1. With θ set to phi - 60°, apply the Karplus curve 6.51 cos²θ - 1.76 cosθ + 1.60 along the stretch 126-133 and write out the HN-Hα couplings as whole Hz, x wherever there is a Gly or Pro.
2. Please give, to one decimal in nm, the separation of the simple spin-label points placed at residue 117 and residue 91, each 7 Å out from Cα toward the Cβ.
3. At a threshold of 8 angstrom on Cα-Cα distance, excluding pairs fewer than six apart, so keeping six or more, what relative contact order does the stretch 46-170 reach in percent?
4. Under 5 Å between amide H atoms, partner at least 5 residues away or on a different chain: which partners does residue 47 have, H built in plane at 1.01 Å?
5. With every protein chain in place, what's the accessible area of residue 36 (1.4 Å probe, Å², nearest 10)?
6. Hey, can you grab everything whose amide H is under 5 Å from the amide H of residue 121? Only 5+ residues off in sequence or another chain; H modelled, so Pro and N-termini drop out.
7. Would you work out the relative contact order for the stretch 77-124, in percent, from Cα pairs under 8 angstrom that are 6 or more residues apart?
8. Tabulate in residue order the Karplus-calculated ³J(HN,Hα) for the stretch 105-114, using 6.51 cos²θ - 1.76 cosθ + 1.60 with θ = phi - 60°, rounded to whole Hz; enter x for Gly and Pro.
Amino acid sequence: MTRSRGPSPKSCGCKTKEIVSEQRRTHGMTSHPAYHVWVSMRDRCRLPTHKAWKNYGGRGIKVCKRWQKFENFWADMGPTYREGLTLDRKNNEKGYSKSNCVWVTMKAQANNTRRNVWLDTPKGRMTMQQAAEAFGIRPDTLRYRLKHGWSLGDALTRSTSSTAGRVTGS
């Protein structure tokens, strides 16, 4: 069989781009919300230039070795992921790992921060926000009452129309 000595056909390169793209593809989830959660989690723990680094990497919070690869993070956390949830550390003094992380609502996450004020109420230990909800008063009302010397019991149970506990100028 003889081969033609003419010019070889030129390719536009599209097949090459397709092949290279497929070879570089790892998980195909870069547009998924959980991927962006993972990127942000890693960045705030490892980049001193990240706006939240002082509260994460600056405090020694780290991402476990296994979760340095998105595929491993997704294998551990993907089965419980639901849109609208956020990644929360159960213990805020520990790093990110399968045993310390859960997907929660923003409301639940807001009740798991270092800055929360915890109260021992008749209904159990809870944050100020949770206590206000449990006792049917506004959080700012509870905060005001406690700041102005009300007992916890009165602050939680007195009606908002009551003048009990208030200092009046007579």
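1. The phi angles translate into 7, 6, 4, 4, 5, 5, 4, 5 Hz.
2. 2.8 nm
3. Working: 107 pairs, mean separation 16.4, N = 125.
It rounds to 13 percent for the stretch 46-170.
4. When sequence neighbours closer than 5 places are left aside, there are no close amide H contacts.
5. Residue 36 exposes around 100 Å² with every protein chain in place.
6. Counting only residues 5 or more places away or on other chains, the set is 126.
7. Numbers: 38 pairs, mean separation 16.6, N = 48.
It rounds to 35 percent for the stretch 77-124.
8. 6, 4, 4, 5, 5, 5, 8, 10, 10, 5
The values are calculated or read from the model by the stated rules, or taken from the named source; none is laboratory data. As the structure is a computational prediction, the values presented were derived from the model and not from experiment. Here the Cβ is made from the backbone with ideal geometry for all residues, glycine too, and neighbour counts use every protein chain on show. What goes into the accessible areas is simple: the full protein's heavy atoms, side chains included, and nothing from ligands, DNA or RNA. Shrake-Rupley method; radii C 1.70, N 1.55, O 1.52, S 1.80 Å.
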